[in-house]
Structures are given as C-alpha cells and as structure tokens.
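Everything below concerns the one structure shown next.
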Amino acid sequence: SIEYAELVNSLGESLLELCDYELARDAFDLALAAVVKSSGEEDASVASIQANQAKLLAATGSVDEARELFGVAMRGIRRDVAQSRTGLATPQSEAANYLFLCQVIHARVLKLCAEFETSQGETESAEAKLKEVKLLQTTFGFFSQ
C-alpha cells in the first residue's frame, strides 16, 4: 500500500542519515516497488523516492548516476504537477488535494536536488531551486524538510 511505501521511504531516509547505505538502498527499493504496485509508475511519490535514491548515490560516490536520477525525479514531479493542474490527477485523488501533495513532493525533490548541486559547486542552480521551494511553501502554506 501507499502507506507502507511512505513508511519504508522514511526508514530509508533515516538509514541514509545514519550512513547505513546498504539498508537505505533496500528500503528505497521496497518503497518504490510498493508505490508502483499500489499506485503505478506515474504516482508523484515515485519522484520523492527517486530523489532519495539519487541522494544515496551521491553519498556513495556515484555522482553521475545521482545527477541522472535527480533529473528523472525532477521531470517526473514536474509532469505530475502539470497533470494535477490540468485536472489529469489520478482518479483516486481529489484534484485539489493531489495538487497540494504534488507541490509538497515537488518542494522536497527540489531541496534534495539543491543540496546535491551545492555539493557539486553548482550554487546558482541550487539557489534557484531553493527560491522555488520558498515560493511553493508560501503559495501552498506548508514547510518541507
């Protein structure tokens, strides 16, 4: 279920913070499989998990793979936001709630990408992403970690 996926994704984030990369990788893989099984590959949560996987790749020295996966996550969440704005949200979700969820995930993916870009010396791009995060937080009334 999606709830299980969120729980396992959070576990992966905690394991990543603890530098337990192997268990974090396993948790993210389980989370991704659960989301795809319950909601499909187009679900906005996929982008959040992919961004976490990219952060893991960067932490373990796979910078090029991390950059590529961050790109995939950004394209995915931007697609989901665009679809939610045009009423093409997933059938099980009310459009306004889905748009809000997409924007929260969008902010999270942007923050993770900005952290990565900062670590790579790409400060201008990172700062632009962080400004977009602040705009999303102000516009939609949430705080993302």
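The values are calculated or read from the model by the stated rules, or taken from the named source; none is laboratory data. Predicted model, so just to flag it, every value in this text is computed and none were measured. A quick note on method: Cβ atoms are made from the backbone with ideal geometry, for glycine too, and the neighbour counts reach across all protein chains shown. The protein model used for the area step is the full one, side chains on, heavy atoms only, and it has no ligands, DNA or RNA in it. Shrake-Rupley method; radii C 1.70, N 1.55, O 1.52, S 1.80 Å.
The residues of region 64-75 that are open to solvent by less than 40 Å² (accessible area, probe 1.4 Å), over 9 Å from the mean Cα position of the chain (by Cα) and either over 12 Å from Cys113 (Cβ atoms) or in contact (Cβ under 8 Å) with a residue 12 or more places away in the chain (or both), listed by number, are Ala66, Leu69.
Which of the residues belonging to region 124-137 are touching a Lys or Arg at 6+ places or on another chain (Cβ under 8 Å) and either polar (S, T, N, Q) or loosely packed, with under 15 Cβ neighbours inside 10 Å (or both)?
Within region 124-137, no residue meets the criteria.
Taking residues in region 104-125 that are closer than 20 Å to Thr60 by Cβ and at pLDDT 90 or above, and partners anywhere that are open to solvent by 50 Å² or more (accessible area, probe 1.4 Å) and aromatic (Phe, Trp, Tyr), not one pair has Cβ atoms closer than 9 Å while being at least 6 places apart or on different chains.
A search for C-beta distances below 6 Å between a residue of region 28-45 that is closer than 26 Å to Glu17 by Cβ and any residue that is open to solvent by less than 60 Å² (accessible area, probe 1.4 Å) and outside any helix (DSSP H, G or I), counting only pairs 6+ apart in sequence or on different chains, returns Val35/Asp43. Across region 29-63, the number of residues qualifying as buried (at least 21 other Cβ atoms within 10 Å of the Cβ) and closer than 19 Å to Asn97 by Cα comes to 7. Given the condition over 16 Å from the mean Cα position of the chain (by Cα), more than 24 Å from Gln137 (Cβ to Cβ), outside any helix (DSSP H, G or I) and of a type outside the set (S, T, N, Q), answer yes or no: does some residue in region 39-53 qualify? Scanning region 39-53, I find no residue that is over 16 Å from the mean Cα position of the chain (by Cα), more than 24 Å from Gln137 (Cβ to Cβ), outside any helix (DSSP H, G or I) and of a type outside the set (S, T, N, Q), so the answer is no.
Taken together, Phe100, Phe140 contain a single residue that is under 15 Å from the mean Cα position of the chain (by Cα) and open to solvent by 10 Å² or more (accessible area, probe 1.4 Å), which is Phe100.
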